[in-house]
Amino acid sequence: MQSNWWKSQRDARFNPDWERTRKRILERDHHMCQWPVTDWNSGTAHICGRLGNEVDHKQRAGEGEPDNDDPSNLWTLCSWHHKQKTSRESGEARRLLGERRRRERWYSHPAFQ
Ligand SMILES: [Zn+2]
């Protein structure tokens, strides 16, 4: 219940200025993906640098908290790296959901009714 409320709040976005913030970040990063990549040959780290159109939160907020829309927590990602990051995060969300499901099943056991 609680987490559904939280989810719909997040979809609606906390920050009404998000579009403007997003634009500013894209401009700051010159529409280049900021994902750190290590060159396996030389061992040097650089950014992905591909054309990026997606602004991502480096650190996602905890449950029930608004995302931190401070520019220091925002960066531009290309769709490839954004997808990679999102799928990792949703994997984590699925794991938490699975835990809750197991708990709910436990409480719906006939012994509790
Ligand atoms: Zn990238």
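The values are calculated or read from the model by the stated rules, or taken from the named source; none is laboratory data. Since the structure is predicted, the reported quantities are computational estimates derived from the model, not experimental observations. Glycine also receives a Cβ, built like all others from the backbone with ideal geometry; neighbour counts cover every protein chain displayed. Surface accessibility is based on the protein's heavy atoms, side chains included, excluding ligands, DNA and RNA. Shrake-Rupley method; radii C 1.70, N 1.55, O 1.52, S 1.80 Å.
Figures for the structure shown
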| item | result |
| --- | --- |
| Residue among LEU74, ASN53, ALA93 farthest towards the positive dipole end of region 47-102, charges placed on Cβ | ALA93 |
| Accessible surface of VAL55 - all protein chains present, 1.4 Å probe, nearest 10 Å² | 20 |
| Karplus-derived 3J(HN,Hα), 6.51/-1.76/1.60, for each residue of region 86-98, Hz, glycine and proline x | 5, 5, 5, 5, 6, x, 5, 5, 5, 5, 5, 4, x |
| Length gained when the stretch ASP39-TRP18 is fully extended (0.36 nm per residue, less Cα-Cα span) | 4.2 nm |
| Accessible surface of region 41-112, 1.4 Å probe, proportion on carbon and sulfur as whole % | 52 |
| Loop-located GluC sites (Glu not before Pro) in region 16-110 whose Cβ has at most 14 other Cβ within 10 Å (DSSP) | GLU63 |
